[in-house]
1. In the range 246-280, what count of residues is obtained for those that are in contact with a Ser or Thr (Cβ under 6 Å, 6 or more places away or on another chain), outside any helix (DSSP H, G or I) and open to solvent by 10 Å² or more (accessible area, probe 1.4 Å)?
2. Which one of these does residue 243 not meet: (1) among the small types (Gly, Ala, Ser); (2) more than 19 Å from residue 90 (Cβ to Cβ); (3) assigned to a helix (DSSP H, G or I)?
3. Looking at 156, 200, 164, can you tell me which residue is farther than 30 Å from residue 243 by Cα and either modelled with pLDDT of 90 or more or not hydroxyl-bearing (Ser, Thr, Tyr) (or both)?
4. What are the residue pairs meeting all of these: first residue in the range 87-114, first residue without any contact (Cβ under 8 Å) to a residue 24 or more places away in the chain, second residue basic (Lys, Arg) and open to solvent by less than 70 Å² (accessible area, probe 1.4 Å), Cβ atoms under 6 Å, and 6 or more apart or on different chains?
5. So which residues in the range 142-158 are over 17 Å from residue 131 (Cα atoms) and aromatic (Phe, Trp, Tyr)?
6. What helices (runs of 4 or more DSSP H), lying completely within the range 1-115, carry at least 3 residues that are open to solvent by less than 70 Å² (accessible area, probe 1.4 Å) and touching a Lys or Arg at 6+ places or on another chain (Cβ under 6 Å)?
7. Checking the conditions here, which among 238, 234 is in contact with a helix residue (DSSP H, G or I) (Cβ under 6 Å, 6 or more places away or on another chain), more than 22 Å from residue 185 (Cβ to Cβ), hydroxyl-bearing (Ser, Thr, Tyr) and surrounded by fewer than 16 Cβ atoms within 10 Å (Cβ to Cβ)?
8. Just a yes or no: is a residue in the range 120-128 on the phi > 0 side of the Ramachandran plot, assigned to a helix (DSSP H, G or I) and in contact (Cβ under 8 Å) with a residue 60 or more places away in the chain?
Amino acid sequence: MTAETPTAVRVGMARRATAWVTAHLGLVPFLVYTGVFLGAPVVMVVLGAFQDNDGVFTTDNITAAFKDQFGRSFATSIELSALTAVLGAVLGAVLAQAVLASKEDGILRKVVSSASGVLANFGGVPLAFAFIATLGSIGIVTKALKGLGFDIYASGFNLFNFTGIAIVYVYFQIPLMVIVFTPALEGMREQWREAAANLGATKWQYWRHIAGPILLPPFLASMLLLFANAFSAYATAYALTSGVVPLVPIQIGSLVSGNVVADQQNLGKALGLGMIVVVALVMAFYNWMQRRASRWLG
């Protein structure tokens, strides 16, 4: 074996560097895009959260962001997100399992898969309008039920409060759960079920001791994703309640736009920083759960 000369080493390193740059050149537009429209706003939010209107460093915004009505908005947002995430995860998992149990190339699986892709992204003002047209005080379903002698609003139902927002959120949480949890269900191997049956395990024992523990990490990971999805939603809740229900995104919108209180943009950035921290923690747990799930389902 002959040792490489310094010149040959430099040429080899230059070729490897050129090959690495060429291979990653396609990432440049993505990095520029995320840097301008994600990285830069995050930096501005973080800096603004620790500044007053004169640009002087302060922690007053952070303190105020977790007190009084702003602290209650965090509690309400977390409560609403957790409730809709649990409901969406449970109902979506049941629906995903039912769809997978149907015929592989059947019409049910095709319809549910296609509809889930559309409905998971159906939100904002159009979704609020759809629910107002059906379950509003003069909505189609409301009037139909009233014609049958059942007045849901007289019974205490209200589309424009916390319960109403939760119902609307579940509408897009369920299809999102179907999309993100179906791959985990598809990763379950038939050999595991057959081996358990051959060893005398009942269907309940199979789900209790094999399928359940394997599917628990992806189920929890999917639920965390649903939580983050609901926690950051804005337009639907605002269109339904006009800010009557205190949610963090609505509070941020009011402060940044100056509709309610002027010159409090940095307080809005402090609320935004709180949202970033909450979502970052949720997504960190989500990635950890996904890595655990990939040990079995990968």
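The values are calculated or read from the model by the stated rules, or taken from the named source; none is laboratory data. Bear in mind that the values here come from a model prediction, so they are computed numbers and not experimental data. Glycine gets a Cβ as well: all are built from the backbone with ideal geometry, and neighbour counts include every protein chain shown. Quick note on the areas: whole protein, heavy atoms, side chains included, nothing else; ligands and nucleic acids left out. Shrake-Rupley method; radii C 1.70, N 1.55, O 1.52, S 1.80 Å.
1. Looking only at the range 246-280, we keep the residues that are in contact with a Ser or Thr (Cβ under 6 Å, 6 or more places away or on another chain), and these are 246-248, 251, 260.
Now restrict to residues that are outside any helix (DSSP H, G or I): 246-247, 260.
Filter once more, so that each one left must be open to solvent by 10 Å² or more (accessible area, probe 1.4 Å): 246, 260.
Residues meeting the conditions: 2.
2. (3)
3. Numbers: 156 fails: farther than 30 Å from residue 243 by Cα; 164 fails: farther than 30 Å from residue 243 by Cα.
None of the other options fit; the residue is 200.
4. 102/109
5. 150
6. Details: elements: 6-23, 27-34, 40-49, 60-65, 68-101.
Ranges flagged: 40-49.
7. Numbers: 238 fails: surrounded by fewer than 16 Cβ atoms within 10 Å (Cβ to Cβ).
Criteria check complete, one pass: 234.
8. Within the range 120-128, the subset on the phi > 0 side of the Ramachandran plot is 124.
Then drop every residue that is not assigned to a helix (DSSP H, G or I), which leaves 124.
Now restrict to residues that are in contact (Cβ under 8 Å) with a residue 60 or more places away in the chain: 124.
Within the range 120-128, one or more residues are on the phi > 0 side of the Ramachandran plot, assigned to a helix (DSSP H, G or I) and in contact (Cβ under 8 Å) with a residue 60 or more places away in the chain.
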